[in-house]
Amino acid sequence: MPRTAAAVGCRVPVIVNLNPPTVAHLDDWLARVRPATWDGIHYGFTNWMGVVSADPDAHARYVIAAKLAPGPNLEENWGFSELYDRAYADATTSFHQTLLAMAAGATGFNVYTGVSTSSWSDSLDAAHAPPYPDCAPIAADGTATEKAPVVKALAAFFARHGAEFLECAPVTGGAFGLYPPYAGTGACGAALRSYHDRMRAAGMDYALLDLQHVTAERLAAHATLTVPAGPAMEERVRELLSGYVAGGGRLVVDGRAQEPLPEPAIRVVRGRADAYLRVHPSKKVGYVTVLAHSDNDEPIEVELGDATLEVVTCRGGAALIRLVEGKLDDHLVKGRNAFLGSAVRAAVSLGGRSSETDEPADLFWM
């Protein structure tokens with residue numbers, strides 16, 4: 001890619017839009033997709049892998065793509081259900097996945113596509129009927145659909161808090177060290193996927209680091225580093241890992257081993273859901289993302305230190321909550337998912353403060 005950019009003499013920022021890995025070819029993807037080596041090329045990724053609230057494989061692939069390098073989610077599916085999956089007929093599916101990408105490391109998101117068009121003739125596509133796409137937030141006749149208020153609420157939230165959100169650091173329970181030469185021999189992907197599953201089962205977020213390019217300072221920020229087993233590593237990487245251990249870091253070789261985990265800073269104690277926490281380095285501000293699984297039918301309780309956060313969201317729903325000095329501030333909570341036949345009075349409560357809709361509906365408080 002750098003050679004291609006140089007050949008065309010491009011003088012504007014160049015960004016790539018990459019599909020996430022497949023489960024079967026995770027090693028191939030990790031060996032090939034190396035943002036740290038792309039001088040002047042910016043990383044971006046897309047969606048198109050399945051409904052993450054219902055499919056653990058899709059969830060893992062999505063998180064790995066978002067964590068690999070800072071970059072935007074350039075194609076979050078907000079409009080295609082007939083061509084892709086009927087779950088996308090409802091905004092909840094896209095809302096959930098947009099929040100997951102941001103929690104996992106994306107620097108922004110694109111609503112793809114925001115507006116339908118009926119100008120989709122047989123010369124372009126004779127296999128599918130217009131409009132294209134079939135269920136965008138703005139219909140082909142220019143009217144707003146039920147998805148439009150959801151997109152508007154997301155856009156307003158990040159317009160107000162997006163810079164601060166990106167300044168916040170994810171609270172993690174460890175890091176996984178990628179060694180691309182091992183991925184080239186098929187010895188990295190299975191270890192990473194196993195590590196991902198263990199960390200999510202423990203309710204913990206994690207960092208994904210390229211050992212051939214990571215700095216000693218960035219490694220030292222993580223108390224535990226898990227690396228895949230292999231025959232040998234280059235001298236620079238061996239010295240880097242030796243220094244990490246000498247500085248007090250705990251190195252776990254082979255991601256399939258069972259390493260002891262620290263107590264999570266955020267833990268789901270009731271309901272089937274995932275939760276992510278980001279904390280600002282200098283302000284008393286944090287962001288909690290709660291992502292309900294498609295089969296969850298109960299209120300979700302999340303331990304935050306000594307406090308308990310309760311979220312009521314629909315099946316496959318999600319919530320994004322800003323905390324200021326440990327107290328509720330702006331929040332978005334999805335309350336309706338027509339595709340799954342789920343409608344609740346969306347609610348959030350923490351430390352004696354609460355917010356709730358009067359009837360089954362979304363809760364967008366700002």
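Observations on the model:
- Inter-label distance for Ala190 and Ala307, nm, one decimal - labels placed 7 Å from Cα along Cα-to-Cβ: 4.4
- Taking θ as phi - 60° and the Karplus parameters 6.51, -1.76 and 1.60, the scalar couplings of segment 237-246 work out to 5, 4, 5, 4, 5, 5, x, 4, 5, 4 Hz in sequence order, x denoting glycine and proline.
- With protein chains left intact and a 1.4 Å probe, residues in segment 263-323 average 40 Å² of accessible area per residue.
- The separation of segment 10-57 from segment 292-366, counted between C-alpha centres, amounts to 31 Å.
- The amide H of Thr107, built 1.01 Å from its N in the peptide plane, has Gly71, Asn73 as neighbours under 5 Å, considering only residues 5 or more places off or on other chains.
- Stokes-Einstein D (µm²/s) once Rh is taken as the Kirkwood radius of the chain over alpha-carbon pairs, at 4 °C in 1.567 mPa s: 60
- Computed over segment 299-366, the range of Cα coordinates on each principal axis works out to 36, 22, 17 Å, biggest value leading.
- With K and R counted +1 and D and E -1, the other residues having a Cβ less than 10 Å from that of Glu167 yield a net charge of +1.
- Listed residues Val237, Val14 arranged by accessible area, highest first, probe 1.4 Å: Val14, Val237
- Measuring with a 1.4 angstrom probe and ignoring ligands and nucleic acids, Asp39 comes out at about 140 Å² accessible.
- Measuring with a 1.4 angstrom probe and ignoring ligands and nucleic acids, Ser119 comes out at about 90 Å² accessible.
- Over all other residues within a Cβ to Cβ distance under 12 Å of Gly50, the charged ones net out to -2, with Lys and Arg as +1 and Asp and Glu as -1.
- Column: log10 I(q)/I(0), Debye, Cα scatterers of segment 1-141, q = 0.09, 0.13, 0.16 Å⁻¹: -0.32, -0.65, -0.91
- Long-range HN-HN contacts of Arg270 with modeled amide H, under 5 Å: Glu301
- The heavy atoms of Trp365 offer some 120 square angstrom of accessible surface to a 1.4 angstrom probe.
- Accessible surface of the chain, 1.4 Å probe, proportion on carbon and sulfur as whole %: 52
- Sorting Trp48, Trp29 by solvent-accessible area of protein heavy atoms yields Trp48, Trp29, largest first, with a 1.4 Å probe.
- Placing +1 on each Lys and Arg Cβ and -1 on each Asp and Glu Cβ, with no other charges, gives segment 188-252 a dipole about its Cα centre of roughly 220 debye.
The values are calculated or read from the model by the stated rules, or taken from the named source; none is laboratory data. No experiment lies behind these values; they were computed from the predicted model shown. When we count neighbours, we look across all protein chains shown, and the Cβ atoms used for this are built from the backbone with ideal geometry, even at glycine. Just the protein is used for accessible areas: all its heavy atoms, side chains included, with ligands, DNA and RNA removed. Shrake-Rupley method; radii C 1.70, N 1.55, O 1.52, S 1.80 Å.
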